[in-house]
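J.: So that we are looking at the same thing, I have put the structure below in structure tokens.
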Amino acid sequence: MTHILAIAGQLAPAEQKYLLQARQMQALSFAVHIPLVCFGIALPALLLYVEWLYLRTGEELYRTLARRWTRIMVTLFAAGVVTGTILSFEMGLLWPNFTGTFGGVFGLGFAIEGFSFFMEAIFIGIYAYGWNRLSPRAHFASGIPIAIAGFTGSLTVISVNGWMNHPTGFRLSDGRVVDVHPFRALFANSYLWHELIHMYLAAYMVTGFLLAGTYAVGRLRGRWGRYERTALAVPLAAAALASVAQIFVGDWNGREVAAVQPTKLAAVEGLGHTTTGAPVHVLGWYSDGRVEYGIPLPRLLSLLAFHSTNATVQGLDAVAPSDRPPVNVVRLAFQSMVGIGSLLALLSVIFLFVRIRRGRLPESTWFYRALVAAGPLSVVALIAGWVVTEVGRQPWVVYRVMRTSQAVTGASGIPVGYATLAGVYLALAVGVAWVLRRHQQAPLDDRASSRQTATEPH
């Protein structure tokens, strides 16, 4: 550990009085972009499944549903292009010392992500405009690269984040990166896999609950034909299975954090002092080295982190105050994520029980009201989870190697850029909402328009 901290001392900090605003700009862009990434991961797979049902059964209902979801995919991909481009520029403009120092380590990941993006864009165009222009099987095949690109693109970006949390595959000599092994740094990193699976399950949860929630609104308003039931059941089944699996992946995630980033774990619990048989406090506020007004669950932190009630858990006092993250921000985010995730898992178990045991969808109005709320809540849990990941790593941009204050730009004008960015995202949100609303109001049966398209000259 001493030699790692010595490396950090070789990286000179930049003079920047707007460090907090720079971090907030990056956080804003990330919070806007990451739900779109969820749809890029999960929606192509759900779309292909529905189209496969059409190919297998020949029922027009599945084809209609696939065509309508295609419009959603195209709209959200276009929005993701905007937010992803902004994020790419922010990496270089806001954090030049980070990209300049470590670009040789993680550059491979972003290069693969760029190729994945172009492949995804090309095949989305083919898929969207290939209805009635390609044979059914060829059209289905054109969607497969979209799902693959959504996987590889997000995989490489998450691998970079995993490396930032557990930096390996290089060494520093006189402030310069040498002996770089990009593959080992990004893909042979033990921290990658739990983070990757955790995010992929979250993507299916967000996409599934948001899609199902829109049809649950229709159910509450009296629109409940076979189309609506099918359109709700498919994404809800995916979200329900992911929610249940996420419980076990979350346990794996917590144990990896305990092993690699014990200070983050201490911040999650608000554990001020190293403790044997450490408890978990539900709710409460961290102050002066302990959690006040919380509900203690004895020895539970030791059990969850190390699967032993007598395990010793490192406290915040093991590091200097300047090396500790903002504890209450991390605690609130973590407890929000876990609380919402538990509610979503409970809702999922109810759905799966009724679906499997009784062979139908739930009938309770309260279930559909809860399902409407589940979509936005899943987004809150998603962002809260990334707050734990990113803020819990602070004050390090590369854990125990480079501080965030050392990575930030020394340029002025960040407040102006921040305000401009907020305006851009507000306009984008309004535009996306308008387009999606138009899609929702479009006629359900598009077979007439399909026949018209088929007769157009190619």
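J.: Of the chain, which part is the longest with no trypsin sites (Lys or Arg not before Pro) in a loop (DSSP not H, G, I, E, B) and with at most 11 other C-beta atoms within 10 angstrom?
T.: 18-220
J.: Round to the nearest 10 and give me the degree value, 0 to 90, for the angle of helix 365-391's Cα axis relative to the longest principal axis of the chain.
T.: Once rounded, the angle reads 40 degrees.
J.: For Phe367 and Asp174, what is the calculated FRET efficiency with R₀ set at 56 Å and r taken between the beta-carbons, to the nearest 0.05?
T.: In this case the efficiency is close to 0.35.
J.: Nearest 10 degrees, 0 to 90: what angle lies between the long axis of helix 414-441 and the longest principal axis of the chain (Cα atoms)?
T.: Result, in degrees: 20.
J.: Let me ask something else about it. Ignoring GluC sites (Glu not before Pro) that are buried or in helix or strand per DSSP, and keeping those with at most 13 other beta carbon atoms within 10 Å, what is the longest stretch of the chain between them?
T.: 60-362
J.: Here is a further query. In nm, what is the difference between 0.36 nm times the number of residues separating Thr274 and Val380 and their Cα-Cα distance?
T.: 35.1 nm
J.: Please work out the Cα convex hull volume for segment 170-282 and give it in Å³ per residue.
T.: In segment 170-282, the Cα convex hull volume per residue is 183 Å³.
J.: Using a basic spin-label model with each label point 7 Å from the Cα along Cα→Cβ, how many nm lie between Leu297 and Leu55?
T.: 4.5
J.: Output ³J(HN,Hα) for segment 316-322: one whole-Hz value per residue in order, computed from phi by the Karplus curve 6.51 cos²θ - 1.76 cosθ + 1.60 with θ = phi - 60°, and x for Gly and Pro.
T.: 5, 5, 6, 10, 5, x, 6
J.: More than 40 Å apart: what percent of Cα pairs in the chain qualify?
T.: 24
J.: Sticking with this one: Which value, in debye to the nearest 20, describes the size of the charge dipole of the chain about its Cα centre when Lys and Arg Cβ atoms bear +1, Asp and Glu Cβ atoms bear -1, and nothing else is charged?
T.: 1320
J.: How much length would be gained if the chain were fully extended between Arg226 and Phe248, taking 0.36 nm per residue of separation minus their Cα-Cα distance, in nm to one decimal?
T.: Extra length available between Arg226 and Phe248 comes to 4.5 nm.
J.: Looking at segment 65-145, I'd like the Rg to Rh ratio, where Rg is from alpha-carbon atoms and Rh is Kirkwood's inverse mean 1/r.
T.: 1.13
J.: Right, next: As a test of the formula, what do you get for the chain when each DSSP H run with n ≥ 4 contributes -39,500 (n - 2.57) and the sum is divided by the residue count, at 222 nm and rounded to the nearest 500 deg cm²/dmol?
T.: Value at 222 nm, helices only, nearest 500: -25500 deg cm²/dmol.
J.: Please state the Cα pair-distance histogram of segment 343-407 with 10 angstrom bins from zero: what percent is in each bin?
T.: Calculated P(r), rounded to whole percents: 18, 30, 19, 16, 12, 5.
J.: If you take every residue apart from Trp396 with its C-beta less than 9 Å away from the C-beta of Trp396, what net charge results, scoring Lys and Arg +1 and Asp and Glu -1?
T.: It works out to a net charge of +2.
J.: Another question, then. What net charge is computed for the residues neighbouring Leu304, neighbours being all others with C-beta under 11 Å from the C-beta of Leu304, Lys and Arg scored +1, Asp and Glu -1?
T.: So the environment of Leu304 carries a net charge of 0.
J.: When the Kirkwood hydrodynamic radius is evaluated over all pairs of different C-alpha atoms of segment 32-110, what value in angstrom, to one decimal, is obtained?
T.: It is 14.9 Å.
J.: Here is a further query. Please list, in chain and number order, the residues 5+ apart from Met402 or on another chain whose amide H is under 5 Å from its amide H, with Hs placed from the backbone.
T.: Long-range HN contacts for Met402: Val397.
J.: Same structure, new question: Please pull out the direction-averaged projected area of segment 225-397, using the convex hull of its alpha-carbon atoms, in nm² to one decimal place.
T.: So the Cα hull casts an average projection of 11.4 nm².
J.: If each residue of separation counts as 0.36 nm, what is the full-extension length gain between Lys17 and Phe89 once their alpha-carbon separation is subtracted?
T.: 23.9 nm
Where a number appears in this text, it was derived from the coordinates with a stated rule and is not lab data. Nothing here was measured: the structure is a model prediction, and the numbers come from that model. Here Cβ is always computed from backbone atoms with ideal geometry, including for glycine, and neighbour counts include all displayed protein chains.
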